[in-house]
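K.L.:
Before anything else, here's the structure in question.
Each reported figure results from applying straightforward, stated rules to the coordinates on display, with no laboratory input. Note that the coordinates shown come from a computational prediction; the quantities given were computed from them, not determined experimentally. Note that we place each Cβ from the backbone using ideal geometry, even for glycine, and neighbour counts take in every protein chain shown.
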Amino acid sequence: MTDRSRRARSSSRRAARPRLAATFAGVLALAVLAGCQHRARVAGDDLESLRFAAGADSLGLAEFLELPADERADRVDEAARWAARLASPAGLATELQTLRTTVGLDPTRADAWLWLAERTRWFGDYQQTEDALAGCRAALPYLSDRRQPVAVGAAICEAWLRYDRGEWKRGLAWTDSADAWGGDQDEVQLLRALHLAGLGRNRRAEDIAFRFAQRDHRAHWIYAVSFWRRGGPQSAHGIFTGAGGAASYGTEDFVKGGMRMATVRASECYRDFGAVEEVLENWWLAERQYEFAAAFVPNLDRTVVKRVDGPVLSGRDSDEALPVWLAFDRYYVTGSVSAYTALAFARFQQAETPAQREFWASATVDAAGTCVRLDIDAAWARRDRGLVLAEAPDQLAQARLDLETALRWFDLQRRDDVATLRALGHLYLVAERPARARPVLERASRLAPADPTIWSDLGLAHIHLGEPELAMASLARALRLDPTLAVAWYNRGLLRFHLEDLPGAVADLEQARALAPQNREIATLLEEVRRRLAR
């Protein structure tokens, strides 16, 4: 179907205002000219240490199994030599490269896949963790001995990964898997209780906590998470600190080792403790607990893991900052997930290369999802996730939902956020909902009257709604503010075309084409207007 026939069909659907029926091509051009592009997720190509490539010899499991027996044996021996290097102390980057090479040479090494998953989980590359766990599960049938401990380790790693991300239902399923494989009952029951508490099944979680009560601190961790997830962070604070009577010891006892925290997931416990204090805006206590969480990260390599202090999502305009520990200056290790989300979004906006922008887009979406599930600055997390997803053509419905949810919360708090209004108005236009777009964009224009993109979008909304005078005024204002805004020239050319001002339409569309020579929508419409003018 040609652009001309599309415009004709659009006009017939809007017979009440046929001369002003805006075409979806106009909206599509708006999106393209605004730079809405999406690429597949890629690792940062600017950090050599993050490639972890096994080289040209790396094979998948199916390819490996098709090799001749003698060649497979050689690769198995070489992989064993690489794995033996892990016995010597090495930095995190070297360990990761060694493990990637090991499983690349011999993908039946389920134990090496598990070691890789455990390390990548701790420094927050969750995609690589999931890939490694999938490799471990595929390799299990080829493990001649120690299959049970490796299977248990993989299920436990997967369950903790889901707990890190607030994915309690999936985590509970993996906990059951670890139990079925005969995993350590103390850790299995701790995981089960924490996931049950996350799902709101507090009675079952607290039944498990009661069984721990006479032995160590884990009962109090479970009780605290149970209260936190049911909306009682103050009670959780009391349990963690001992002020509520449920525990008779405080934070210092954790550090001195009196509760043997190093053997029972101390880092995760302190991270939860810090999150509770963060929700309560006890900033100093939150920072302190996050510092303890970092101190207990297993085998923390401080040559590649650094602390960064930054504002949380809801406090970006304040002086309050919380710490985040980053591996390779990008992956979340521990600390405030809200502060990490804010940092990831800021780096997404400041990215200088497509690979950097794509990495920080993925990091923002992942971290914001965790914030939403944990209900930590959830509205702000939805706002940032929506702004990122608004640039992905296949995620516009989710972006719109996130921004609508954030806006409702902002309205309840009597707050305004121009970025949310501007992006949501644009998304309504892309969805051909101009009546929804107009009030949102009008509100944005009052808050940011010097933003030309808002006026350009508002002009397009007026075109859709059959309001030529208002459309012309908005587009003229956009062009006064930014004469290089190609989309505004295009939209005004489209308006003049529908108003039968063909010379004016040609002039505007020529300006748009000069500013965006690669955009085919502009060239197509300009050619049609010239043909009409010639007739």
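K.L.:
How long are the three semi-axes of the equivalent ellipsoid for region 162-223, computed from the Cα gyration tensor as the root of 5 times each eigenvalue, in whole Å, largest first?
P.N.:
One finds semi-axes of 17, 14, 9 Å for region 162-223.
K.L.:
Starting from the exponent 0.38 and prefactor 2.2 Å, build the expected Rg for region 45-183 from its residue count and divide its actual Cα Rg by it.
P.N.:
Working: Rg = 15.2 Å, N = 139, 2.2 N^0.38 = 14.3 Å.
Region 45-183 yields a ratio of 1.06.
K.L.:
Taking 0.36 nm per residue of separation and subtracting the Cα-Cα distance, what length does fully extending residue 534 through residue 146 add?
P.N.:
Values: separation 388, 0.36 × 388 = 139.68 nm, distance 8.15 nm.
Once the chain is fully extended between residue 534 and residue 146, it gains 131.5 nm.
K.L.:
Residue farthest toward the positive end of the dipole of region 486-535, with Cβ of Lys/Arg at +1 and Asp/Glu at -1: which of 494, 515, 526?
P.N.:
Farthest towards the positive end: 526.
K.L.:
Using every Cα-Cα pair within region 310-360, state what percent have a distance larger than 12 Å.
P.N.:
Here the tail beyond 12 Å accounts for 62 percent of pairs.
K.L.:
May I ask you to compute the full-extension gain from residue 234 to residue 77, defined as 0.36 nm times their residue separation minus their alpha-carbon distance, rounded to one decimal in nm?
P.N.:
50.9 nm
K.L.:
Semi-axes of the equivalent ellipsoid for region 401-498, please: Cα gyration tensor eigenvalues, times 5, square-rooted, ordered largest first, whole Å.
P.N.:
Numbers: eigenvalues 112, 40, 21 Å².
Values for region 401-498, descending: 24, 14, 10 Å.
K.L.:
Considering the alpha-carbon set of region 126-205 alone, what are its Rg and its Dmax in angstrom?
P.N.:
Values for region 126-205 (Cα only, Rg and Dmax): 12.8, 42 Å.
K.L.:
Using the Karplus curve 6.51 cos²θ - 1.76 cosθ + 1.60 with θ = phi - 60°, what ³J(HN,Hα) values do you get for each residue of region 342-351, in whole Hz, with x for Gly and Pro?
P.N.:
Couplings: 4, 5, 4, 5, 4, 6, 4, 5, 9, 4 Hz.
K.L.:
If you don't mind, there's one more thing I want to ask. Grab the beta carbon distance between residue 169 and residue 405, set R0 = 22 Å, and tell me the FRET efficiency rounded to 0.05.
P.N.:
Calculated transfer efficiency: 0.55.
K.L.:
Please list, by residue number, everything in region 394-417 whose backbone N is under 16 Å from a paramagnetic label point 7 Å out along Cα→Cβ of residue 375.
P.N.:
Residues passing the 16 Å test: 409.
K.L.:
Residue 450 versus residue 70, label points 7 Å from Cα toward the beta carbon: distance in nm?
P.N.:
So the two model labels end up 7.6 nm from each other.
K.L.:
Run the simple label-point estimate for residue 416 and residue 507 please: 7 Å along Cα→C-beta, distance reported in nm.
P.N.:
3.4
K.L.:
Find, among the trypsin sites (Lys or Arg not before Pro) in region 169-217, those assigned to loop by DSSP (not H, G, I, E, B) with at most 12 other beta-carbon atoms within 10 angstrom. Show your work: numbers first, answer last.
P.N.:
Numbers: sites: 169, 170, 192, 201, 203, 204, 211, 215; in loops: 201, 215.
When the trypsin sites (Lys or Arg not before Pro) of region 169-217 are filtered for loop state and at most 12 Cβ neighbours within 10 Å, 215 remain.
K.L.:
Dividing the Cα radius of gyration by the Kirkwood radius, what Rg/Rh value follows for region 104-148?
P.N.:
0.99
K.L.:
Further, regarding this structure: So, R0 is 25 Å and r is the distance between the beta-carbons of residue 523 and residue 329; what FRET efficiency does that work out to, to 0.05?
P.N.:
On the way: r = 43 Å, r/R0 = 1.72.
So the FRET efficiency works out to roughly 0.05.
K.L.:
Could you derive backbone 3J(HN,Hα) for region 514-520 from the dihedral phi with the Karplus parameters 6.51, -1.76 and 1.60 (θ = phi - 60°), listing whole Hz in sequence and x where the residue is Gly or Pro?
P.N.:
Karplus-based 3J(HN,Hα) across region 514-520 equals 5, 7, 9, x, 8, 7, 6 Hz.
K.L.:
What does a probe at residue 394 reach in region 332-371, counting residues whose amide N is under 15 Å from the point 7 Å along Cα→Cβ?
P.N.:
Within reach of a label on residue 394, which here means backbone N under 15 Å from a point 7 Å along Cα→Cβ, region 332-371 contributes 362.
K.L.:
Full-extension gain between residue 207 and residue 499, please, as 0.36 nm times their residue separation minus the C-alpha to C-alpha distance. Provide the component values of the computation, followed by the final result.
P.N.:
Values: separation 292, 0.36 × 292 = 105.12 nm, distance 7.26 nm.
That pair, residue 207 and residue 499, stretches by 97.9 nm at full extension.
K.L.:
A follow-up question, please. Points 7 angstrom from Cα along the Cβ direction at residue 482 and residue 295: gap in nanometres?
P.N.:
Rounded to a tenth, the inter-label distance reads 4.9 nm.
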